[in-house]
1. Rounded to the nearest 10 Å², what accessible area does Y165 have for a 1.4 Å probe in the complete protein model?
2. Compute the distance in nm between two label points, each set 7 Å from the Cα along the Cα-to-Cβ direction, one at N169 and one at L133.
3. Between rounded, prolate and oblate, where does the stretch 146-204 land on the alpha carbon gyration tensor, with a ≥ b ≥ c its root eigenvalues, rounded for a/c under 1.5, else prolate if a/b exceeds b/c?
4. Taking H placed 1.01 Å from N in the peptide plane, check which residues at least 5 places from F247 or on another chain put their amide H under 5 Å from its amide H.
5. According to a simple spin-label model (label point 7 Å from Cα along Cα-to-Cβ), what is the distance in nm between E155 and E243?
6. Quick check: at a probe of 1.4 Å, how many percent of the accessible area of the stretch 98-237 sits on carbon and sulfur atoms?
7. Where Lys and Arg each count +1 and Asp and Glu each count -1, what net charge lies around A173 among other residues with Cβ under 11 Å from its Cβ?
8. Could you report the accessible area of L143 in Å², rounded to 10, computed with a 1.4 Å probe on the protein chains as they sit in the structure?
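The values are calculated or read from the model by the stated rules, or taken from the named source; none is laboratory data. Note that the structure is predicted; figures quoted are calculated from it, not measured. Neighbour counts run over all protein chains shown; Cβ positions are idealised from the backbone, glycine included. Note: accessible area is taken over every heavy atom of the protein model, side chains too, but ligands, DNA and RNA are not part of it. Shrake-Rupley method; radii C 1.70, N 1.55, O 1.52, S 1.80 Å.
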Amino acid sequence: MAGAMNTQCPHCRTVFRIGHDQLEAAGGRVRCSHCRRTFDARARLQKELPLESGPATATTRNHDQGELDLAAGRARGVAGVLLSDLDTGAAPAEGPGRGSLWLWGTVNLLLVVALCAQLLFAQRQAFAQDPTLRPLLVHMCDLAGCTLAPRRAVERIELVRRNVYAHPNVDDALIIDATFVNNARFAQPYPLLTISLGDIRGEALIRRNFTPGEYLPGLDPNARMAPGSPVRVSLEVRDPGREARTFEIDFG
């Protein structure tokens, strides 16, 4: 090859021999057949063969023939492929194919789904109060053998009647009658009742919590308040005296 010189791919370091006339015909732009990247061959011209200090030295070459595609000048009759008269360096790494990308995408999606499922399971009692997520969690617990806390909506419990009067049989005691109803569309556990008697400034003189078993003796622990059904309770508390001016019932 008259007037031939050496050029080297800057990406994979493969060395090729190319003629001056062919280089001019291609406008200097060529494509390496190993890594399929385009580069300017004129910027890498040299008369002596380059020696690499890395793994692609003369003692570790694979004895493949490198091919160099001309990126320009095909309309002027220049050959499309030039064969190198040198041994190539280490084979370039191939990029991931569509199959590999699809596989990795599927694996990543499965990992995200598994992570979300673990989060739902770990926080299932809190998420179980969400009516949108509860059916999914119920199905998950059916498969995993776990249990969910019953749905609660304390804010949907309404106090519809209350009355305070002196105990007829016990001195320094009061009786509190109250009626409340579950306005939620679903049955829910009976609430904790908090009774507060305070002075004229609203400061509590007496505050006591009553569990469902205390204000409804004999109640089944698994019993639920049916929607719309009133619950009547009667409670006995100590009379704090004439300072008591305010009265509150809270649900918890």
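1. 80 Å²
2. With each label point 7 Å from Cα toward Cβ, the separation is 5.0 nm.
3. prolate
4. The answer is G198.
5. That separation, rounded to one decimal, is 3.5 nm.
6. Carbon plus sulfur share of accessible area: 57 percent.
7. -3
8. 140 Å²
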